[in-house]
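Colleague: Take a look at this one; I'll ask things after.
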Amino acid sequence: MTSEEIKESVSIREVLQRCGLPAPNRAGFIQCPFHKGDRTPSMKIYQKDYHCFACGANGDVFTFLQDYEGISFREAFLELGGEYPDRENESWFTRQRRRYELQKRREKAARKVREEEEEKEALRQETKLLWICVRLFEPLSDAWCECYNRFQLAEYRLEYLNEKR
């Protein structure tokens, strides 16, 4: 299994059970095992990840096992059922194809980041222009309302893009 397949199939609750920790309460909180003196539950357990509001610990199933048991990613990956492919017996063609696919994924990710940055810059420019329009038109006129509504929408979209990271 790959790390993505493990993340999809293994929940944090299963990892907690495997580590011998108590199940979360109805609100999904447990006492954080990563810091001392936690009298009340401060770690929120979500389906695929966790976050401690006291010490700031957060992550996925691999991170939890790494931090809790003090092991490397490789050991956590293998403990959760991951398998590393046997690359010694791979053909030249298979290695080249894997490199090509990896390069394409990296290019796609870089293109996505670049497009998001371009969209953010366009939205910044749009909000500047719309704010100028809002100040120029008479308040509550049709043109002012149109500019103000578009300004609010552009601000919302920009805020959404900034929070996606």
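The values are calculated or read from the model by the stated rules, or taken from the named source; none is laboratory data. On a predicted model such as this, the values are computed, not experimentally measured, just so you know. Cβ: placed from backbone, ideal geometry, glycine included. Neighbour counts: every protein chain shown.
Colleague: Residue 15 passes all but one of (1) over 28 Å from residue 161 (Cα atoms); (2) in contact with a helix residue (DSSP H, G or I) (Cβ under 9 Å, 6 or more places away or on another chain); (3) loosely packed, with under 15 Cβ neighbours inside 10 Å; which number fails?
Modeller: Every condition holds for residue 15 apart from (3).
Colleague: So, one more: Which numbered condition in (1) surrounded by fewer than 10 Cβ atoms within 10 Å (Cβ to Cβ); (2) assigned to a helix (DSSP H, G or I) is the only one that residue 128 fails?
Modeller: Single failed check for residue 128: (1).
Colleague: Moving on to the next point. Would you check if residue 117 is surrounded by fewer than 11 Cβ atoms within 10 Å (Cβ to Cβ) and either within 30 Å of the chain's Cα centre (by Cα) or outside the structural domain of residue 21 (by TED's automatic domain parsing) (or both)?
Modeller: Considered against the rule, which asks whether it is surrounded by fewer than 11 Cβ atoms within 10 Å (Cβ to Cβ) and either within 30 Å of the chain's Cα centre (by Cα) or outside the structural domain of residue 21 (by TED's automatic domain parsing) (or both), residue 117 comes out as no.
Colleague: Moving to a separate point now. So which pairs qualify, if the first residue must be in the range 143-164 and under 14 Å from residue 119 (Cβ atoms) and small (Gly, Ala, Ser), the second must be at pLDDT 90 or above and outside any loop (DSSP other than H, G, I, E, B), the Cβ gap must be under 8 Å, and the two must be at least 6 apart or on different chains?
Modeller: Every condition considered, the pairs that remain are 154/123; 154/126; 154/127; 154/130.
Colleague: Could you go through the range 36-44 and let me know if any residue there is within 19 Å of the chain's Cα centre (by Cα), at pLDDT 90 or above and not basic (Lys, Arg). Give the steps one after another, and end with the answer.
Modeller: Looking only at the range 36-44, we keep the residues that are within 19 Å of the chain's Cα centre (by Cα), and these are 43-44.
Checking the rest, the ones that are also at pLDDT 90 or above come to 43-44.
Those still in the list that are not basic (Lys, Arg) too: 43.
Scanning the range 36-44, I find at least one residue that is within 19 Å of the chain's Cα centre (by Cα), at pLDDT 90 or above and not basic (Lys, Arg), so the answer is yes.
Colleague: Now for a separate question. May I ask you to verify whether residue 18 is more than 24 Å from residue 82 (Cα to Cα) and modelled with pLDDT under 90?
Modeller: Taking the combined requirement at face value, the residue does not satisfy it.
Colleague: Against the condition in contact with a helix residue (DSSP H, G or I) (Cβ under 9 Å, 6 or more places away or on another chain) and closer than 30 Å to residue 2 by Cβ, how does residue 148 come out, does it pass?
Modeller: Against the criterion (in contact with a helix residue (DSSP H, G or I) (Cβ under 9 Å, 6 or more places away or on another chain) and closer than 30 Å to residue 2 by Cβ), residue 148 does not qualify.
Colleague: Next question. Restricting the search to the range 35-74, which residues are crowded, with 17+ Cβ neighbours inside 10 Å and of a type in the set (A, V, I, L, M)?
Modeller: 43, 45, 57, 61, 65 - these are the residues of the range 35-74 that are crowded, with 17+ Cβ neighbours inside 10 Å and of a type in the set (A, V, I, L, M).
Colleague: Given 29, 77, which one is surrounded by 14 or more Cβ atoms within 10 Å (Cβ to Cβ), touching a Ser or Thr at 6+ places or on another chain (Cβ under 8 Å), among the aromatic types (Phe, Trp, Tyr) and modelled with pLDDT under 90?
Modeller: 77
Colleague: Looking only at the range 134-156, count every residue that is out of contact with any Leu (no Cβ under 6 Å at 6 or more places or on another chain) and either outside any loop (DSSP other than H, G, I, E, B) or among the polar types (S, T, N, Q) (or both) and tell me the total.
Modeller: Within the range 134-156, residues that are out of contact with any Leu (no Cβ under 6 Å at 6 or more places or on another chain) and either outside any loop (DSSP other than H, G, I, E, B) or among the polar types (S, T, N, Q) (or both) number 15.
Colleague: May I ask you to list the residues in the range 19-76 that are in contact with a helix residue (DSSP H, G or I) (Cβ under 9 Å, 6 or more places away or on another chain), part of a strand (DSSP E or B) and closer than 26 Å to residue 1 by Cα?
Modeller: Across the range 19-76, the qualifying residues are 45, 50, 59.
Colleague: Under 9 Å by Cβ, and 6 or more places apart or on different chains, what pairs join a residue from the range 39-58 that is under 20 Å from residue 8 (Cβ atoms) with one that is among the small types (Gly, Ala, Ser) and assigned to a strand (DSSP E or B)?
Modeller: Listed pairs, sorted by first residue: 49/59; 50/59; 51/59.
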